[in-house]
Amino acid sequence: MIYTLEQYNEFIYLIKKWNENPSKLNKIYPYYKSFENTLFILNNNLINFLVNDKNNENILKILLEFHEDGMSIFLYYLYIYDIISLNTFNIYKLWVLSDEAIIIIYVTNFFYLNDKFFEITKLLKYMEREYLISTVIKVDTKDNIYRIPATFPIDTLKEYTSKIYKPNEKYLICSKDKNSELFFNTILTDLGIEKICDYYSSYILPHYFYRYNVKFNIPKRIKTLECTNFYNNSSNNKGFNNHYSLNFETKELFDIPFSNSNNNINYEKVRYICDKVYKFIEKYYTEECDWKDYYKLKEVDIDEYDLEYNEISNFFDINYTIFPFDFYIVGYEDLEILIRNQFDSFKKRIFNNDDNMQEILNNIESPLIYNYINEYKDNDIFVSLLKILYIISLIHNNYSTFIILLLLRHLEYKLEYKNNHLYFIERKFQCMSLEYEFYDLFNSNSIKIY
C-alpha cells in the first residue's frame, strides 16, 4: 500500500531497478512472475501520484506492461477516483473483461474500499469457488515450480493447498516413499513435478526450497524415488461461463451509470454490411499476396465483381455513420479505397468545422468529442480518429503523462508517446498502413503532430 511520496519514489525506484536487471524481480515481488497478479493496491494516493508524475515516463510505460489486464484496471480506478469523466472512461474501456481483471477489482473494492456492492460471492454465478479462491491467492502456478512455501507442517500444507489451490493436472507416484510422494504433490506445481522426474533438472529445486529454510537434499533423495507415472486429475476447474459477454456494462457486476444512448439502432444494417463484405472477400479473393502485399483476385467475372463492389460502396455513401471495418479489409486493394473515402468524409464532417476543432483541442472537457463518438459509434475509422484526436488534445494541454500512455494502450494502432511527442509508427507493408494514413490526415489539417 502506498500512501506517501517517499513510498511512491521507492516504488518507482524498484521498478527501474527491475527493468535494468529482470533477474532481480523478487526485489519488488516475492514470487517469480507474480506481477501477473496485482500486488500493489490502487488506492487514491497511488493513482494520484501516477497521474501527477512528470519525471518517470519510461517507468510508467513499464508499469503499464506488468499486467495484461492492467489497462482496464487502471482506467477503472481513474474513473472511480473522479480523475477522468464517465464519458472518457466509456469511450476507452475495453468491450471484454478478463476473469482476473474482474476478480482484482472485486477484491479491491470489497476489502479496501469497503463497497458492499462488490460482494465476492456474487462472482460464484460466473465461476467455480475453487477458481475464484486460487485466482485471488495463488501465484501463477503454470510457470512456477512450487505453489506454496514449505514452511509449515505437512498436514497443514495439505489441508490448505486442498482448500486454496486448484488441483494439479499431474501427480507424482513414488511407490517406495509415500511421505515424499505426499510432500512433492503438496508443494509442487505441475512444472515442478515434471522437473523432479528429470534428474538433470533436479538441481534447480533446492534453490526454491532453501529460500524457505527447507534443507532438502533432492539429488540424494531422488535416488529413493520411483517416478512411475503421470496422470491427469479428474478435476475440471472452470473459470467464467460466457466469459466473452462480461464487461463494465454488465449491470449485475458493476454499478456504473452508463446512459442508454449506446443502444445500437443500426444493428441490422451493421450486420448486413459485415456479412456482405465477408462474402465478397471470400468469393473474389485468394489467400495469396502479390509483391505489394495485396491479396490476389480469383479468376472472376469482372462485371459481376464491379456490380457487387459498387453496392458496397453505395451503402457507405448513404449510411455515412456506419463503417465497421479497419484492419480487416487492409490488403484488399479496392476495399482500401473505402477506408480512404472515410478519411475524406471525416475531413468534411468534422475537420472542416474550425470552431469545433478549436474547441476540442483547447478544452479537454468539451462534450463535442463524446457527441461525435456517440453519433459515429458504428464507424470504426471515425471512432479511432476521434480517440486519437482526444489524445492529441491532452498532449496539447500538457495533460498527465500516465493518462496519455494509458489511453494509447487502449488503441489497436502502433502509436507511441515520448517526450511530449506523438509518433505514428508505419507498418512495414506495401499495402495500406493505417498509422500512416492517420498521420497524413492530421498533418494535412493544421493539427500539430510532433
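For segment 318-450, what is the relative contact order in percent, using Cα pairs closer than 8 Å and at least 6 residues apart in sequence?
Relative contact order for segment 318-450 comes out at 22 percent.
For segment 367-449, would you read off the P(r) tail past 22 Å as a percentage of all alpha carbon pairs?
Taking all Cα-Cα pairs of segment 367-449, the fraction more than 22 Å apart is 23 percent.
Would you mind pulling out the separation of the Cα centroids of segment 72-101 and segment 155-174, in Å?
Centre-to-centre distance over Cα atoms comes out at 37 Å.
Heads up, I need the accessible area for Ser245: 1.4 angstrom probe, whole protein in place, Å², nearest 10.
60
Between Phe111 and Glu159, what FRET efficiency comes out of the Förster formula 1/(1 + (r/R0)^6) with R0 = 22 Å and r the beta carbon distance, rounded to 0.05?
0.40
Between Lys428 and Tyr81, what length comes free when the chain is fully extended (0.36 nm per residue of separation minus the Cα-Cα distance, one decimal in nm)?
Full-extension gain reported as 120.9 nm.
Describe numerically, in nm with one decimal, the distance between label points set 7 Å from Cα along Cα→Cβ at Asn443 and at Glu249.
3.6
Give the long-range amide H neighbours of Asp177: residues separated by 5 or more places, or on another chain, with amide H under 5 Å away, using H modelled in the peptide plane at 1.01 Å from N.
Glu226
Tell me, what is the FRET efficiency for Asn48 and Asn362 to the nearest 0.05, using R0 = 22 angstrom and their Cβ-Cβ distance as r?
That gives a FRET efficiency of 0.30.
Can you figure out the FRET efficiency of Leu182 with Leu14, using R₀ = 25 Å and their beta-carbon distance, to the nearest 0.05?
It comes to 0.10.
Using 0.36 nm per residue, how much length does the chain from Asp301 to Phe40 gain when fully extended, once their Cα-Cα distance is taken away?
87.8 nm
Pull up all non-local amide H partners of Asp115: gap of 5 or more, or a different chain, and H-to-H distance under 5 Å with H placed in the peptide plane.
Phe110
Indicate the gyration tensor shape class of segment 312-450 (rounded, prolate or oblate), computed on the Cα atoms with a ≥ b ≥ c the square roots of the eigenvalues: a/c under 1.5 is rounded; otherwise a/b larger than b/c is prolate and the rest oblate.
oblate
How do the peptides 338-351, 296-309 rank, highest first, by the average count of neighbouring beta carbon atoms within 10 Å per residue?
My ranking of the peptides, most packed first, is 338-351, 296-309.
Tyr285's amide H: which non-local residues (gap 5+, or another chain) put their own amide H closer than 5 Å, with H modeled 1.01 Å from N in plane and none for Pro or chain starts?
Sorted by chain and number, the residues that satisfy this are Lys298.
Figure the gain on full extension for Lys283 and Tyr320 (residue separation times 0.36 nm, minus the Cα-Cα span) and round it to one decimal in nm.
My answer for the length gained is 10.8 nm.
Ignoring everything but the protein chains, give the 1.4 Å probe accessible area of Cys274 in square angstrom, nearest 10.
20
Quick check on packing: order 386-392, 156-162, 113-119 by the mean number of other C-beta atoms within 10 Å, highest mean leading.
My ranking of the peptides, most packed first, is 386-392, 156-162, 113-119.
The values are calculated or read from the model by the stated rules, or taken from the named source; none is laboratory data. Only a predicted model underlies this, so the values are computations on that prediction, with no experimental measurement involved. Positions of Cβ are backbone-derived with ideal geometry, glycine not excepted, and every protein chain shown enters the neighbour counts. Heads up: the accessible areas ignore ligands, DNA and RNA and are worked out on the full protein's heavy atoms, side chains in. Shrake-Rupley method; radii C 1.70, N 1.55, O 1.52, S 1.80 Å.
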